[in-house]
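Data first, discussion second: the structure below is written as structure tokens.
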């Protein structure tokens with residue numbers, strides 16, 4: 001159950017980014033692997049005010065797998081495959097089974113064809129989400145900074161929150177009132193800040209982010225900051241980028257509706273057992 005609110009934390013990391021000697025290859029030859037890690041600050045709100053420091057440390061240790069994650073992005077000029085590196089729970093030695101039901105699965109994007117294919121597993125049932133790659137309306141400027149050896153430019157966007165979290169779930173989703181007929185629905189949005197480098201001129205990025213004229217090395221949104229820690233360009237061994245192919249085919253909207261329906265069913269069944 002989600003019982004914490006994640007807010008963006010200030011992260012200070014020393015990054016060592018590796019660029020191979022083949023960096024002068026043409027764009028059509030571009031192929032590489034980028035390694036990312038994400039961190040989120042745990043904010044317990046009023047609930048945390050009633051907890052001791054020891055209890056807070058225990059909660060943070062239990063939620064470490066959700067607050068700190070590692071990812072790999074393989075990419076070429078047109079395609080990318082984004083995967084999470086699974087970690088064992090720091091206390092129990094087991095994987096986070098509850099969180100894995102609402103985690104992002106292996107994600108394939110084709111920016112030329114504007115398609116996304118994502119493998120999802122929900123309580124043992126496999127789904128294959130195929131959809132049009134959502135567009136992000138980036139606002140770019142001239143603000144810049146160095147990330148490792150790369151000069152990066154800043155871009156911002158306002159994105160519908162559901163576009164970034166359609167595979168996730170919150171119990172609060174079940175408490176949201178149904179839209180009133182005739183009224184314009186309020187669409188929650190998320191502010192996104194990204195830093196991209198023109199030194200790697202491909203339109204890829206981690207997670208749901210893409211569409212800038214260079215590889216995204218850092219992105220902050222919805223309480224999480226994701227940073228690139230290492231890049232290997234044009235390795236000697238060719239990278240195979242293959243879209244996931246197993247699972248019941250569906251779309252983002254239908255998958256989100258499936259999760260909500262199943263979780264509502266679970267809640268109602270639990271209520272009947274208590275009655």
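Every number in this text was worked out from the coordinates using simple rules, so none of it is lab data. In this text, all values refer to a predicted model and were calculated from it rather than measured experimentally. A quick note on method: Cβ atoms are made from the backbone with ideal geometry, for glycine too, and the neighbour counts reach across all protein chains shown.
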Computed lengthening from residue 248 to residue 181, 0.36 nm per intervening residue step minus Cα-Cα distance: 20.9 nm
Residues 145, 77 arranged by fewest to most Cβ contacts within 10 Å: 145, 77
Residue order, fewest to most surrounding Cβ atoms within 10 angstrom, among 35, 108: 35, 108
Order of 138, 166 - criterion: other Cβ atoms within 10 Å of each residue's Cβ, fewest first: 138, 166
